[in-house]
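The values are calculated or read from the model by the stated rules, or taken from the named source; none is laboratory data. All values derive from a computational prediction rather than experimental measurement. Please note: Cβ atoms are built from the backbone with ideal geometry, for glycine as well, and neighbour counts cover all protein chains shown.
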DNA sequence: TCTTGCGCTGAACACCGTTCAGTGAACACC
DNA sequence: GGTGTTCACTGAACGGTGTTCAGCGCAAGA
């Protein structure tokens, strides 16, 4: 597209290679955007490579020049999901000032995220353990799933105060996490069944875990 | 096989028709047994009709003379799973005598069941919402899933005492259920991640929900 | 202008769930 | 015993899936 790209290419300046890579990256993002939309509409399990390719006006085989396989697409979408979830958590924590209330706010936001983005949540935590494992296997410091986890632990540590050690904070954070996950995934697995509303179950669970 | 069956058949006594039906039922059970074994080994998602047919020495098409489709097999296996789960709950409740301790015991047993039969639990509560919905849509009085649900509610009602109304008991029962489900499904979704052991998380959750 | 490399396609492979015409044997009746 | 019917069962087929790959056309570089 850029007329000067040829001149740059002769000198093998990184910028030109990058332009090619950037174009490739743009297509990749376009594919991912389409995949995300399709997942939100019908769930990731209903997303087929062929339908995805049709949506972005490519042949099915071409998708494999951008992603190793279908699971790789799932993992990328998971990363987007974790990032979105982290944003919800941070926003939830910011609604309060006292440590205990911050943990409460973040926990409630976790549940709200799950109910607001059901198919995303399902992909992240319910579809295939391998996706979540893959993210934590890398264990990059800055991946949003790890940051969300550690945000909860920090909030839990602040809630417990200075006299509590880290394992206690981990225990409290994971307790909140598991409680919210239970309410969310139960609601997603069987929408009509738990009679009590998620909000009330959330309140009851956090009351139990957070009251001293 | 029975030499006298022909004589009975002439008179169309129900017993003969039943013998055919019984044979059919036996084959059905044989298929279900194989399906259950395969599910426990590799999970239900990895179970294909063709592999199942090979395992029971039939052609794939023949399976469809015993089950409407693959989902119907899933639903039957779910029913078996609910029955097994109910047995665990009852056994867990029976380990104590006081109402609160009974609810605790049943809840803990729920979690133990999930961890002891991971693929069964995954099928029941995590794979496809439609399976659980289908069971509750029928709403037969004696189906094991409903009985398990109502067992928890009864135990919760007993725990709260006479002054509590039914919605309160439902709330407590569902809180316990959601809490245990959260711990179980998180453990199954990401085995390596929650650092705190399920037992400790279970204790913390029930302490919070059950202490007055 | 020729060559190289890259993006892309279409066909193919091996699966999948599901359907269905056809087969052979067991049964019911004359 | 002969004959028609029912029944369990098979094998092939259809349309779908994920994935691979030879080959094609075009743009870039020599």
Given the conditions (1) at pLDDT 95 or above; (2) more than 8 Å from every other protein chain (Cβ to nearest Cβ), report the number of the one that residue B:141 does not fulfil.
(1)
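Restricting to the range B:116-125, name every residue that is more than 21 Å from residue A:195 (Cβ to Cβ) and part of a helix (DSSP H, G or I). Walk me through how you get there before you give the answer.
Applying the first criterion (more than 21 Å from residue A:195 (Cβ to Cβ)) to the range B:116-125 yields B:116-123.
Matches in the range B:116-125: B:116, B:118, B:119, B:120, B:121, B:122, B:123.
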Answer with yes or no whether residue A:42 is more than 16 Å from DNA strand C (Cβ to nearest atom), within 14 Å of chain B (Cβ to nearest Cβ) and over 17 Å from the mean Cα position of the chain (by Cα).
yes
Can you tell me how many residues within the range B:39-48 are away from DNA strand D (no atom under 15 Å from the Cβ) and in a helix (DSSP H, G or I)?
5
Screening B:84, B:119 for residues that are at pLDDT 95 or above, under 25 Å from residue B:30 (Cα atoms) and buried (at least 21 other Cβ atoms within 10 Å of the Cβ) leaves only B:119
When you go through (1) near DNA strand C (Cβ under 8 Å from one of its atoms); (2) farther than 30 Å from residue B:150 by Cβ; (3) surrounded by fewer than 14 Cβ atoms within 10 Å (Cβ to Cβ) one by one for residue B:68, which number turns out not to apply?
(2)
Filter the range B:166-199 for residues that are under 18 Å from residue A:196 (Cα atoms), without any contact (Cβ under 8 Å) to a residue 40 or more places away in the chain and facing another protein chain (nearest Cβ under 7 Å) and give the result.
B:170, B:171, B:174, B:175, B:178, B:182
Could you give me the residue pairs with C-beta distances under 7 Å whose first residue belongs to the range A:51-68 and is under 17 Å from residue A:21 (Cβ atoms), whose second residue is within 6 Å of DNA strand C (Cβ to nearest atom) wherever it lies, and which are 6+ apart or on separate chains?
A:66/A:27
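Can you find a residue that is within 9 Å of chain B (Cβ to nearest Cβ), within 18 Å of the chain's Cα centre (by Cα) and within 19 Å of residue B:186 (Cα to Cα) anywhere in the range A:147-164? Break it down stepwise before answering.
Looking only at the range A:147-164, we keep the residues that are within 9 Å of chain B (Cβ to nearest Cβ), and these are A:149.
Cutting the leftovers down to within 18 Å of the chain's Cα centre (by Cα) gives us A:149.
Narrowing the set further to residues that are within 19 Å of residue B:186 (Cα to Cα) leaves A:149.
Scanning the range A:147-164, I find at least one residue that is within 9 Å of chain B (Cβ to nearest Cβ), within 18 Å of the chain's Cα centre (by Cα) and within 19 Å of residue B:186 (Cα to Cα), so the answer is yes.
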Residue A:93 is checked against (1) away from DNA strand D (no atom under 13 Å from the Cβ); (2) free of Cβ contacts under 8 Å to residues at least 40 places away in the same chain; (3) over 15 Å from the mean Cα position of the chain (by Cα) and fails just one. What number does that condition carry?
(2)
Kindly check whether there is at least one residue in the range A:14-26 that is in contact with a helix residue (DSSP H, G or I) (Cβ under 8 Å, 6 or more places away or on another chain) and modelled with pLDDT of 95 or more.
no
Evaluation of residue B:8 against (1) at pLDDT 95 or above; (2) surrounded by 15 or more Cβ atoms within 10 Å (Cβ to Cβ) (one fails), failing number
(1)
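Are there any helices (runs of 4 or more DSSP H) wholly within the range A:49-115 with 1 or more residues that are outside the structural domain of residue A:39 (by TED's automatic domain parsing), and if so which? Walk me through it before giving the result.
Values: elements: A:49-55, A:60-63, A:70-94.
Here the list reads A:70-94.
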Within the group B:196, B:159, B:95, which residue is loosely packed, with under 15 Cβ neighbours inside 10 Å and touching a helix residue (DSSP H, G or I) at 6+ places or on another chain (Cβ under 8 Å)?
B:95
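Those residues that are more than 7 Å from chain B (Cβ to nearest Cβ) and touching a residue at least 12 places away in the same chain (Cβ under 8 Å), I need them from the range A:200-212; list them, please. Steps first, please.
So the first thing to find is which residues in the range A:200-212 are more than 7 Å from chain B (Cβ to nearest Cβ), and the list is A:202-203, A:206-207, A:210-212.
Result: A:202, A:206, A:210.
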